[in-house]
Amino acid sequence: MGIIRKQSLQSTFITYIGFGVGALNTLLFTKYVPAEIYGLTRLLGSVALIFFALASMGSATLLNKFYPYYRSHLAPERRDLFGIVLIISAIGYVLVVLGTFIFHDLIVRKYSANSALFVQYFYLLYPFTFFQLIFTLFEHFSNNQYRSIFPIFLKEVCFRIVTTLLIGLLLMQLLDNVQFLWSYSLIYALLAAALILYLKRENVLHFTFQISNVTRKLADKMISFNSLVFGGGLFIVISQNIDSLVVGSTMGLPSTASLEFNTFVSNVIQVPQRSMIAISIPILAQAWKEKDLNAIRRIYARSSFTLLIFSLLIFLLIWLNYESAFRILELKDIYWQGRYVVLFLGLSRVVELGTGVNQQILGTSNMWRFEFFTTIVLVTLSIPLSIWFIKMWGITGSAIAGLTSVTIYNGVRYFFLYYRFGMQPFTKYTLYVVLLAAGAWAFAEYLIRPENHFVRVALRSIFFVTAFLGPILFFNWSQDLTESWHKGTALVKKYLRK
């Protein structure tokens, strides 16, 4: 857990910098860029993720699962797994491109009425998907070399900084809409080149296309694993992006922009999880290989408690100050109409983070078949629920559907890990933290209500953070939080002494 905690803190710091830049981009989009253009970038991104899942054919997960065996038995230059992944993904990308031509008429019928710009600029998905595919594959390769920080920096910070520059050029009229959209679709090309150069400089970019004995021995298992994981991964991506597709098709690009804006706000809650996942996957895979269940239990319990604390802290701070933030920033009314997306998606993030790295534990174990079938359950619920709830409640319906399916999904995984391995992450302190967070939020929400919104944000935030984190640190409920606090205060004291 020490490696995970150390690198998680580094990557969380980097990722929050990225979210800060992303918040600036979102503000620029919402205040100065037409909602149709903002909605189009979001819709292109959602479709590109689905195309990526199709093109990669589950090979990224295959790499994470089986790379420890190659690391143990082969020299770096003889490890052919990544070469196989590149070949699979190249074939997948060609098939995706061919599929878009086959289904072109269907796409036009679904989106031409409410999202004509999406049909007009559909061709931008080809470079967007291709370079995102290349970057993501090399990102997973880098993670398996225990070098996860730089890829996180590229994805979370550099992508958004380049986007900021492009928005600035658009606002200064140095780029027109077409040039902006073309440039936006090529950002991953820049990131992929930077990552490849980094891996080469670190002298870890070693792989081959020559089939090894390890591949021959593991071929049947890898084919069986990948067949199921590909379907499961694809279903997950579809379920995560179905709301954008449905809203774009039925309600138009401005509503898509509102959905994506409020989704972005709720995604801030996921930053600690995203960092921990990237770092914990290779460590969990190695622990399963060595049959070290105690290590897995420790990671499960501590990740759950730490992520629960951070998710409650961030979610309740956001919801506590959301109205004030809108009034201070004077955002357009269309984005305020989607405010309850933040509430329900925020709750779903708390559920997801509070159950720890259960998905990664299952995905790196021999129980990945169960992970596939639970994914089928999620998709079976989320896709029809999203379509149905969006028709009933608009974009808020997509968030309610997300909360419902995520709660059921994580509940199934929780009970399976408890039944199969006797693992469960919760203690009495879990309940204490939830009650403490709810009490601190209620006090701040109903008793701290100055008319000046700047003052309101400041007073509410200071009170809530103090009332929530203070007891946790004082009673030492979380070892990770306490150690991080001591290290942070030590660094501050060292800096002040200079």
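The values are calculated or read from the model by the stated rules, or taken from the named source; none is laboratory data. If you're wondering where the values come from, they're calculated on a predicted model, not measured in any experiment. Neighbour counts are summed over all protein chains in view; Cβ atoms, including those assigned to glycine, are modelled from backbone coordinates with ideal geometry. Keep in mind that these areas ignore ligands, DNA and RNA; they rest on the heavy atoms of the full protein, side chains included. Shrake-Rupley method; radii C 1.70, N 1.55, O 1.52, S 1.80 Å.
Each residue in segment 374-401 was checked for being over 22 Å from the mean Cα position of the chain (by Cα) and modelled with pLDDT under 85, and 0 of them qualify.
Per-residue answers, yes or no, for (1) in contact (Cβ under 8 Å) with a residue 60 or more places away in the chain; (2) in a helix (DSSP H, G or I):
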position: TYR409; (1), (2): no, yes
position: VAL412; (1), (2): no, yes
position: PHE416; (1), (2): no, yes
position: TYR419; (1), (2): no, yes
position: MET423; (1), (2): yes, no
position: PHE426; (1), (2): yes, no
position: THR430; (1), (2): yes, yes
position: ALA444; (1), (2): yes, yes
position: GLU451; (1), (2): no, no
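Within the option set SER244, SER227, being out of contact with any helix residue (DSSP H, G or I) (no Cβ under 6 Å at 6 or more places or on another chain) and either of a type in the set (Gly, Ala, Ser) or under 18 Å from LYS391 (Cα atoms) (or both) holds for one residue only, SER227. Selection of first residues in segment 287-299 that are farther than 17 Å from THR355 by Cα and basic (Lys, Arg) and of second residues that are open to solvent by less than 60 Å² (accessible area, probe 1.4 Å) and at pLDDT below 85, restricted to Cβ pairs under 7 Å at least 6 apart or on distinct chains, gives the following pairs, ordered by first then second residue: LYS289/PRO68. Only a single criterion out of (1) under 30 Å from SER212 (Cβ atoms); (2) touching a Pro at 6+ places or on another chain (Cβ under 6 Å) is not satisfied by GLY92, namely (2).
Please go through segment 364-373 and give me each residue that is modelled with pLDDT of 75 or more and under 19 Å from the mean Cα position of the chain (by Cα), ordered by number. Within segment 364-373, THR364 is the sole residue that qualifies.
Would you pick out the residues in segment 244-259 that are under 19 Å from the mean Cα position of the chain (by Cα), modelled with pLDDT under 85 and open to solvent by less than 30 Å² (accessible area, probe 1.4 Å)? The one that is under 19 Å from the mean Cα position of the chain (by Cα), modelled with pLDDT under 85 and open to solvent by less than 30 Å² (accessible area, probe 1.4 Å): SER244.
Filtering ASN226, ASN213 for residues that are open to solvent by 20 Å² or more (accessible area, probe 1.4 Å) and either at pLDDT 85 or above or farther than 28 Å from SER46 by Cα (or both) leaves a single hit, ASN213. If the Cβ limit is 9 Å and pairs must be 6+ apart or interchain, which residue in segment 171-184 that is over 18 Å from ARG42 (Cβ atoms) and in contact (Cβ under 8 Å) with a residue 60 or more places away in the chain pairs with which residue that is surrounded by 13 or more Cβ atoms within 10 Å (Cβ to Cβ) and aliphatic (A, V, I, L, M)? Partner pairs satisfying both residue conditions: LEU171/LEU28; LEU171/VAL33.
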